[in-house]
Amino acid sequence: NAGVTQTPKFQVLKTGQSMTLQCAQDMNHEYMSWYRQDPGMGLRLIHYSVGAGITDQGEVPNGYNVSRSTTEDFPLRLLSAAPSQTSVYFCASSYSLAGGLHNEQFFGPGTRLTVL
Amino acid sequence: AQSVTQLGSHVSVSEGALVLLRCNYSSSVPPYLFWYVQYPNQGLQLLLKYTTGATLVKGINGFEAEFKKSETSFHLTKPSAHMSDAAEYFCAVTGYGGATNKLIFGTGTLLAVQP
C-alpha cells in the first residue's frame with residue numbers, strides 16, 4: 001500500500017491564483033481530512049469528510065473548498081490564494097467511524113505552499 | 001466542543017533524563033485522547049491513544065501517558081530520553097463515541113535532547 005499520498009510536495013503561487021492540492025489513499029478509509037500547519041499554531045482542521053459525497057467544515061475553512069466524489073480522493077481547492085494561506089498542508093485518513101474517531105489517523109507527507 | 005493546551009512549546013532534556021510533555025484538554029463529552037509525533041520534514045505518526053479502559057496507556061518507543069479525568073490531563077512521559085526522541089509532539093482530542101467527527105490538535109511541543 002502507498003498509504004496517503006499528496007501532490008505536489010512544493011508549490012509557489014501568486015496572490016489571486018487558484019490551485020488544487022491532491023490527496024489520495026489506498027486503504028479504503030472512510031474518514032479523510034485536511035489540516036494546515038503553521039509555526040506556533042499546531043495543526044488546524046480545514047475540512048473533513050466522513051465518506052464519499054459528504055464533507056463538512058473544520059476550524060479554519062474560509063478560502064478553501066473540498067469535494068469527495070470517491071472514497072480514495074479528497075482534493076483541497078484554493079479559490080483565490082492569499083499570502084495568509086502560506087503554510088504546510090497535511091491530508092489524513094482513518095478507518096471506519098463506527099464508535100467515533102478512535103482509530104489512528106494516517107498522515108500524508110505534506111504540501112509546502114508559498115503564496116507571494 | 002474540544003480543545004487542547006500543551007504547556008511549553010520547547011522542552012530540552014539531557015540524554016537519559018525523564019521526558020515529561022504536558023497536555024490538558026477541554027471537552028464537553030468524554031474524550032478520546034492521542035499523542036502524535038512529527039520528525040523533521042515528515043507527516044505525523046501515532047505514539048499512543050486513550051479511548052476507554054485502562055487510564056495508563058503505553059505506546060511506541062517507550063512512551064506512555066496517563067489519562068486523569070479529575071485533572072483533565074493526558075501528560076506524555078518516557079523514563080529515559082534518547083537522541084532519536086528529538087521531534088515535535090502533538091496532543092489531540094476528539095469526542096467519545098462519535099460525539100464529534102473533528103480531531104483537534106494542540107500547538108505542539110518541540111523536544112530537544114542534549115548529549
Next on the checklist: Quick check on my filter: what residues within region B:51-77 are open to solvent by 30 Å² or more (accessible area, probe 1.4 Å) and part of a strand (DSSP E or B)?
Outcome noted: B:Leu56, B:Lys58, B:Glu64, B:Glu66, B:Lys68, B:His75, B:Thr77
Checklist entry - Quick one: how many residues across region B:90-115 are within 14 Å of chain A (Cβ to nearest Cβ), over 13 Å from the mean Cα position of the chain (by Cα), outside any loop (DSSP other than H, G, I, E, B) and surrounded by fewer than 20 Cβ atoms within 10 Å (Cβ to Cβ)? => result 3
Checklist entry - Taking region B:1-50 only, how many residues are assigned to a loop (DSSP other than H, G, I, E, B), open to solvent by 70 Å² or more (accessible area, probe 1.4 Å) and hydrophobic (A, V, I, L, M, F, W, C)? => result 2
Checklist entry - Got at least one residue in region B:81-89 being open to solvent by 20 Å² or more (accessible area, probe 1.4 Å) and without any contact (Cβ under 8 Å) to a residue 40 or more places away in the chain? => result yes
Checklist entry - Are any of the residues in region A:97-104 under 29 Å from B:Thr51 (Cα atoms), open to solvent by less than 10 Å² (accessible area, probe 1.4 Å) and modelled with pLDDT under 95? => result yes
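Considering only region B:38-57, state which residues are β-branched (Val, Ile, Thr) and under 26 Å from A:Gly108 (Cβ atoms). Step through it out loud before you land on a result.
First, pick out the residues of region B:38-57 that are β-branched (Val, Ile, Thr): B:51-52, B:55, B:57.
B:Thr51, B:Val57, listed by residue number.
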Checklist entry - Hey, among the residues in region A:5-50 that are open to solvent by less than 80 Å² (accessible area, probe 1.4 Å) and on the phi > 0 side of the Ramachandran plot, which one's modelled with the lowest pLDDT? => result A:Gly40
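The values are calculated or read from the model by the stated rules, or taken from the named source; none is laboratory data. What you see is a predicted model; the values in this text were computed from it and never measured. Cβ coordinates were reconstructed from backbone atoms using ideal geometry, including for glycine residues, and neighbour counts include every protein chain displayed. Please note that ligands, DNA and RNA were not included when accessible areas were found on the heavy atoms of the full protein model with its side chains. Shrake-Rupley method; radii C 1.70, N 1.55, O 1.52, S 1.80 Å.
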